[in-house]
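There's a structure below that I have some questions on.
The values are calculated or read from the model by the stated rules, or taken from the named source; none is laboratory data. Values in this document were obtained by computation on a predicted structure and should not be read as measured data. All Cβ positions, glycine included, derive from the backbone under ideal geometry; neighbour counts span all protein chains shown.
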């Protein structure tokens, strides 16, 4: 007999204890059109070829899936290392970046895939990643169309003029779990999918490499 009950909005992964949130099935707009690209190039004062790969904007349908609400922490990554003997990342024991509830950093693509396999998961594809972070209404940021620096941790101190630019890429300082939770909580309420925004914290890996 097929279970027809709806999927739960959240669940806890049994291996790493991560909270995961449901992204419902349906369409979303992936990528951006030429007007969006022109606006980015104008704001950044240059034509960054990385953004050009986002064109054209297109409709993509995904079945429902789960994605971690928060980044993998140093505490979780240590459990992975202890269980598998995997190599340690460079800053795992750093006094500023290696606190237990901070997101793990200096993790390569192969490391991220190994962690996901240990945890019984897979890295999200670009499509899964974009829908979870962007929502279904073609917004620029997880919370809407206007850049709000209190909802992320930008590298650039003058990010007020930017929308999808360098201030999304790297953090200005390490964040602990409470800071992450506060930022992601604001985004989760706004993007309509209960999934976190991934803005100005740490760089995340997707399943595909850029060349693919």
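At pLDDT 90 or above and either in contact with a strand residue (DSSP E or B) (Cβ under 8 Å, 6 or more places away or on another chain) or farther than 19 Å from residue 202 by Cβ (or both): which single residue out of 66, 70 fits that description?
66 is the lone residue from the list that is at pLDDT 90 or above and either in contact with a strand residue (DSSP E or B) (Cβ under 8 Å, 6 or more places away or on another chain) or farther than 19 Å from residue 202 by Cβ (or both).
So in the stretch 10-31, with the set limited to residues that are over 18 Å from the mean Cα position of the chain (by Cα) and touching a residue at least 60 places away in the same chain (Cβ under 8 Å), which one is surrounded by the fewest Cβ atoms within 10 Å (Cβ to Cβ)?
Looking at residues that are over 18 Å from the mean Cα position of the chain (by Cα) and touching a residue at least 60 places away in the same chain (Cβ under 8 Å), I get 14.
May I pose another question? Quick test of your reading of the structure: residue 67 fulfils all but one of (1) over 20 Å from the mean Cα position of the chain (by Cα); (2) in contact (Cβ under 8 Å) with a residue 40 or more places away in the chain. Name the failing condition by number.
Residue 67 satisfies every listed condition except (1).
Of all residues being more than 26 Å from residue 26 (Cα to Cα) and assigned to a loop (DSSP other than H, G, I, E, B) in the stretch 104-139, which is modelled with the highest pLDDT? Just the residue, please. Full working, then the answer.
At the first step, the residues of the stretch 104-139 found to be more than 26 Å from residue 26 (Cα to Cα) are 104-115, 117-119.
Filter once more, so that each one left must be assigned to a loop (DSSP other than H, G, I, E, B): 104-108, 119.
Numbers: 104: 91, 105: 89, 106: 91, 107: 93, 108: 92, 119: 97.
Filtering the stretch 104-139 for residues that are more than 26 Å from residue 26 (Cα to Cα) and assigned to a loop (DSSP other than H, G, I, E, B), the one modelled with the highest pLDDT comes out as 119.
Taking the stretch 4-50, which residues are assigned to a strand (DSSP E or B), under 26 Å from residue 101 (Cα atoms) and in contact with a helix residue (DSSP H, G or I) (Cβ under 7 Å, 6 or more places away or on another chain)? Break it down into steps so the answer makes sense when it comes.
The initial filter retains those residues of the stretch 4-50 that are assigned to a strand (DSSP E or B), namely 10-12, 19-23, 26-30.
After this cut, where a residue has to be under 26 Å from residue 101 (Cα atoms) as well, the list is 10-12, 19-23.
Result: 23, single match.
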